[in-house]
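*Asks:* One structure follows; several queries about it will come next.
Taken together, the values in this text are just the output of simple stated rules run on the coordinates, not laboratory data. Everything quoted here is computed from the prediction, not taken from an experiment. Glycine gets a Cβ as well: all are built from the backbone with ideal geometry, and neighbour counts include every protein chain shown.
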Amino acid sequence: MESHRLLVANWKMNLRPSEEINFVKKHYDRLVNLAKQSNTQIVLCPTFLSIMSIAKNISSNSTNTYLSIGAQDCSTRAIGSFTGQISAACLAEIGCTHVIVGHSEERRAHKESNLQVAHKTIQLLIHGLTPIVCIGESASEKQTSRSKEVLSTQIKTVIDTLNKLSSARRYNLCIAYEPLYAIGSGNVPTTEHLEEIFGHIMRELRNAPSIKNITYLYGGSVNSRQLPMLKKVSKIQGYLVGNASLSFQEMEKMLTSWMVSRSNCISRAEK
Ligand code: PGA
């Protein structure tokens, strides 16, 4: 696929497996068509319980490279006596392509450190999966002008551990900037703040060892109403979407709006 946009649907713990599987069965054809027409790769991240069924459904349709499946977390460890955990190797075997790590809800609920997020990232890269590493500052950190400092620390810990990877292989990584105050709140940062922050994140990752390709995502109250404003931030290559991704109509509106903007771009360039 040529350079494309990424739309990651983070369904969190909102649906039961039967609902997740039915969503995909019901909307599969339309989603793939919309993804193709808007040159978007959609990554659906359901609960762990549905991944296997949905992945089978998706892979049985060999023509589809536009819709893939991701998980919402993984273990820091490769294998062993770790009750309740799920390894990167297991996720790769059942057909995942992407895995979200370091989501602020996970960092908060399990007091997850930057180092643990880095260890998860390494596990995923070793097993050929694309980590979606979430970073972001809190409202109080933003108010006290500490956004960049917090993000730099989060990024640096990941970069430091990347040095442990084989330099013979080149890896793909997604970085999702999700300010904590934007998640589920309806409050999206201004375009000026986003331009500045994405510029900072990109500079911090400029010399990331062994990384072939980094995709920059924004997450936090993304929906079809916020999209016209978010699309103005040229550095954003895709979105990590929570609530709005639970609605097929919202997904459809977002993907359709990209089709429109794409044809605008082409016609402008042709003039
Ligand atoms: P939201 O969630 O789109 O509902 O704000 C985003 C996320 O938590 O990844």
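*Asks:* Provide the gained length on full extension for the span Ser113 to Gln85, in nm with one decimal, where the gain is 0.36 nm per separating residue minus the Cα-Cα distance.
*Replies:* Working: separation 28, 0.36 × 28 = 10.08 nm, distance 1.68 nm.
This chain segment gains 8.4 nm when fully extended.
*Asks:* Mind listing the long-range amide H neighbours of Gln41? Cut-off is under 5 Å, sequence gap 5 or more, other chains count too, H placed in the peptide plane at 1.01 Å from N.
*Replies:* Counting only residues 5 or more places away or on other chains, the set is Arg5, Leu6, Leu7.
*Asks:* Right, another one. How large is ³J(HN,Hα), in whole Hz, for each residue of the stretch 39-51 in order, when computed from phi with the Karplus curve 6.51 cos²θ - 1.76 cosθ + 1.60 and θ = phi - 60°, using x for Gly and Pro?
*Replies:* 6, 10, 9, 9, 10, 8, 10, x, 5, 3, 5, 9, 4
*Asks:* Also: Could you list which residues have their amide H under 5 Å from that of Thr130, counting only those 5 or more apart in sequence or on another chain, with H placed in the peptide plane?
*Replies:* His98, Val99
*Asks:* Sum up the charges of everything whose Cβ sits under 13 Å from the Cβ of Tyr177, counting Lys and Arg as +1 and Asp and Glu as -1, but leave Tyr177 out.
*Replies:* Working: positive: Lys142, Lys148, Lys235; negative: Glu137, Glu178, Glu195, Glu196, Glu204.
Residues close to Tyr177 contribute a combined charge of -2.
*Asks:* With each run of n ≥ 4 DSSP H residues scored as -39500 (n - 2.57), what mean residue ellipticity at 222 nm is computed for the chain after dividing by its residue count and rounding to the nearest 500 deg cm²/dmol?
*Replies:* The helix-only estimate for the chain comes to -14000 deg cm²/dmol at 222 nm.
*Asks:* Further question: In a Gaussian network model over the chain where Cα atoms closer than 10 Å are linked, find which of Leu49, Leu246, Leu255 has the largest mean-square fluctuation.
*Replies:* The residue with the greatest mean-square fluctuation here is Leu49.
*Asks:* So, one more: Give a residue-ordered list of calculated ³J(HN,Hα) values for the stretch 177-192 (Karplus: 6.51 cos²θ - 1.76 cosθ + 1.60, θ = phi - 60°; whole Hz; x for Gly, Pro).
*Replies:* Result, rounded to whole Hz: 7, 10, x, 4, 6, 8, 6, x, 9, x, 9, 9, x, 6, 4, 4.
*Asks:* Please go through the residue pairs Lys26/Lys212; Lys120/Lys142; Lys12/Lys36; Lys164/Lys253; Lys142/Lys235 and name each one whose alpha carbons sit more than 31 Å apart in this structure.
*Replies:* Working: Lys26/Lys212 36 Å; Lys120/Lys142 26 Å; Lys12/Lys36 25 Å; Lys164/Lys253 42 Å; Lys142/Lys235 20 Å.
Beyond 31 Å: Lys26/Lys212; Lys164/Lys253.
*Asks:* Collect residues whose amide H, placed 1.01 Å from N in the peptide plane, falls under 5 Å from the amide H of Gly219; neighbours closer than 5 in sequence don't count.
*Replies:* Answer set, sorted by chain and number: Tyr177, Glu178, Leu240.
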